[in-house]
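Take a look at the structure set out below.
Derivation of every value follows stated rules applied to the coordinates shown; laboratory data play no part. Quick caveat, the model's predicted, so the values are computed rather than measured. Here the Cβ is made from the backbone with ideal geometry for all residues, glycine too, and neighbour counts use every protein chain on show.
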Amino acid sequence: MALAVHEPETDLIGVTPGGGPWEPATVHTHYFGFQVPEAGIGAFTYLRYQPFFPLTQGSVIIFQGLDNSAHLDVEFLDWQMAMPYPEVSGQTITAANGFRIEFLELGHKARTTYRSDDGDTSFDLLHTAVTPLVARGAVIPGENLHAGDQPGGSEQFMHCVGELTLRGRRYDVDCHMPRDRSWRQSRTEQRGGRHSPPIAWTPVYFPGRRLAFNQVGFEAPDSSPVWQPELSPPAGAPGHHFAWVCVDGELRELTRVWRRVDELHPVVPAPVRQTIEATDETGVAYRFTGEALGLAAIPSWPNAGTWDSVVRWTDADGAVGYGPCQGIWYDEFARLMKQRRNGR
């Protein structure tokens, strides 16, 4: 199946309330990430629109290093669960806490800004596309539940440059990171979610090779994942739910993805080291090994555990790229990890 590219105007779907009828689990989202890998700094900047109510949730989490086992351990947190819908003026979206997304060119260029109330933490960043605005389906199994709502989403790698001030210390930002969004998706907050093993998103960009790699999926069952034999993916679910590469501007679908977690964080059950092997539709094979430089538990869903991380990836030829690894798990996996920690 050929990869599709969305129209730029999809950047503004769902930013004002209305439409529907919606269910409480209906969401639209905007995510822009940035990193300072040499300092182990990662940022999760995000808006979740919930049109049923209507309200929004988000929006700024900045973490550093690996010692972030609870969301209050992160370096900076301004995450509000029940903000009103943002103010929208033209192509600029401003959340109640001041986080702002300004689309300078829909589908291609955006500016994100934020300043904390005390002025100690702020950023001003320009995000410019290096890949097309790739159309995607579900990130989390089951979220495309209501086809009549015309659910959708997009993913795009961006060159992100600007300045971060974190608790009074200034950092230059120059990274390649994904942005993504969803619209009209169904993301339940019911106990157990819609899958038992954790699922992870591992986008990475290699500037020297102009290679973008993107996949979301489970660990390979034949890689001896820590959740076996007690848990298994939903019956009939694919190992990866959406995966693609962009090589020198050419989009290619990935036909095979195999991922193994080689080491888990000692407290947060998320990958510190992992390996990915993949093959694209032209037969080109890829192999990447990843090591987390920063990792944090982050707030997101009341029925789930979620994490974000800064990962340094190395390919088979020694090229180095960076990206986030983000993931989600539910209560069955959390209880299993607790039993393992207690030797049961």
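Other residues within the sphere of radius under 14 Å centred on the Cβ of residue 295, judged by their own Cβ, net out at -4 (K and R +1, D and E -1). Can you give the FRET efficiency for residue 279 and residue 159, using 1/(1 + (r/R0)^6), R0 = 22 Å, r = Cβ-Cβ distance, to the nearest 0.05? Here the calculated transfer efficiency is 0.20. Taking the average, over residues, of other Cβ atoms within 10 Å as the packing measure, peptides 259-269, 177-187 rank 177-187, 259-269 from highest down.
Beta carbons within 10 angstrom, averaged per residue: use that to sort the peptides 225-232, 196-203, highest first. Spell out each step's value before the answer.
Numbers: 225-232: 15.1, 196-203: 23.0.
Put in order of decreasing packing, that is 196-203, 225-232.
The modelled label-to-label distance between residue 253 and residue 223, using points 7 Å beyond Cα along the C-beta direction, is 2.2 nm. Taking 17, 132, 51 as the candidate residues, the one with maximal mean-square fluctuation in a Gaussian network model of the chain, Cα springs under 10 Å, is 17. Entry note, the chain: relative contact order of 16 percent, from Cα contacts under 8 Å with a spacing of 6+ residues.
Label zone of residue 91 (point 7 Å out along Cα→Cβ, amide N under 15 Å): in region 13-35 this covers 13. Toward the positive end of the charge dipole of the chain, with +1 on the Cβ of Lys and Arg and -1 on the Cβ of Asp and Glu, the farthest Cα among 304, 246, 314 is that of 304. Of 300, 154, 223, the residue with the greatest mean-square motion in the GNM of the chain, using alpha carbon springs below 10 Å, is 223. Spatial offset of region 109-128 relative to region 243-310 amounts to 27 Å, using the alpha carbon center of each.
Choose one of 276, 208, 173: the residue whose Cα lies farthest towards the positive end of the charge dipole of region 26-341 (beta-carbon charges +1 Lys, Arg; -1 Asp, Glu; about the Cα centre). So the residue we want is 276.
Taken over the Cα atoms of the chain, the convex hull encloses 131 Å³ per residue.
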